[in-house]
1. Restricting to the range 103-114, and then to whatever is small (Gly, Ala, Ser) and either over 12 Å from the mean Cα position of the chain (by Cα) or assigned to a loop (DSSP other than H, G, I, E, B) (or both), can you tell me which residue is modelled with the lowest pLDDT?
2. I'm trying to understand the selection: among the residues of the range 1-23, which are modelled with pLDDT under 80 and hydroxyl-bearing (Ser, Thr, Tyr)?
3. Which condition from (1) in a helix (DSSP H, G or I); (2) surrounded by 15 or more Cβ atoms within 10 Å (Cβ to Cβ); (3) at pLDDT 95 or above is the one that ASP100 breaks?
4. Consider the range 17-50. How many of its residues are over 26 Å from THR71 (Cα atoms) and not in a helix (DSSP H, G or I)?
5. Six or more apart or on different chains, Cβ under 9 Å: which pairs go from a residue in the range 47-62 that's closer than 21 Å to VAL106 by Cα to one that's of a type in the set (Ser, Thr, Tyr) and modelled with pLDDT under 85? Could you list them?
6. Which residues, taken from the range 20-67, are of a type in the set (Phe, Trp, Tyr) and over 14 Å from the mean Cα position of the chain (by Cα)?
7. When you look at VAL108, is it closer than 23 Å to THR23 by Cβ, in contact with a Cys (Cβ under 9 Å, 6 or more places away or on another chain) and not hydroxyl-bearing (Ser, Thr, Tyr), yes or no?
Amino acid sequence: MAAPTGASPQRASPLVVVAAGGTGGHLFPAEALSIALSKRGIIVDLATDERATRYGGAFPARATHIVPSDTFRGRNPFSVARTALVLGSGVLAGLGLLRDLRPAAVIVPDPGCICSVRDRQSAPPPLR
């Protein structure tokens, strides 16, 4: 029998991927959320970009996954094309990561929050 989404025979608790940009404004709320989820017995992985490595390795997650990212700067066609390629590779890397991890939920702790719960029965309880 296949393991339910977000769990595996080796992983009794659900896995939540917290996705946050690599700046303090994104990482600090993600850190607070990760601590709260961990206290509830939920396994947390962090998906971020290479900028997060500047903050040290003490993020409260089972694993940190670095995903390629970039920001559009200027209107130079070569710069725009390079940025588009990096962002495209980041999308593919992120999709591959989610395919491999099969988390119960992906949470982006941001005012424009996007949550995706794949299997409501294995999803973690809401935070109160």
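The values are calculated or read from the model by the stated rules, or taken from the named source; none is laboratory data. What you see is a predicted model; the values in this text were computed from it and never measured. Positions of Cβ are generated from backbone atoms using ideal geometry, with glycine treated the same way; all protein chains shown enter the neighbour counts.
1. If we filter the range 103-114 for residues that are small (Gly, Ala, Ser), which is where we start, we get 104-105, 112.
Now narrow it down to the ones that are either over 12 Å from the mean Cα position of the chain (by Cα) or assigned to a loop (DSSP other than H, G, I, E, B) (or both): 104, 112.
Numbers: ALA104: 94, GLY112: 52.
Taking the candidates together, the pick is GLY112.
2. Matches in the range 1-23: THR5, SER8, THR23.
3. For ASP100, the failing item is (2).
4. 5
5. ARG51/THR23; ALA52/THR23
6. At the first step, the residues of the range 20-67 found to be of a type in the set (Phe, Trp, Tyr) are 28, 55, 59.
Listed by number, the list holds a single entry, TYR55.
7. Working: closer than 23 Å to THR23 by Cβ: yes; in contact with a Cys (Cβ under 9 Å, 6 or more places away or on another chain): yes; not hydroxyl-bearing (Ser, Thr, Tyr): yes.
Yes; evaluated as a whole, the condition is true for this residue.
Here is a yes/no grid of residues against (1) among the hydrophobic types (A, V, I, L, M, F, W, C); (2) outside any loop (DSSP other than H, G, I, E, B); (3) modelled with pLDDT of 90 or more:
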position: HIS65; (1), (2), (3): no, yes, yes
position: SER69; (1), (2), (3): no, no, yes
position: ARG82; (1), (2), (3): no, yes, yes
position: VAL86; (1), (2), (3): yes, yes, yes
position: ALA93; (1), (2), (3): yes, yes, yes
position: GLY96; (1), (2), (3): no, yes, yes
position: ARG120; (1), (2), (3): no, no, no
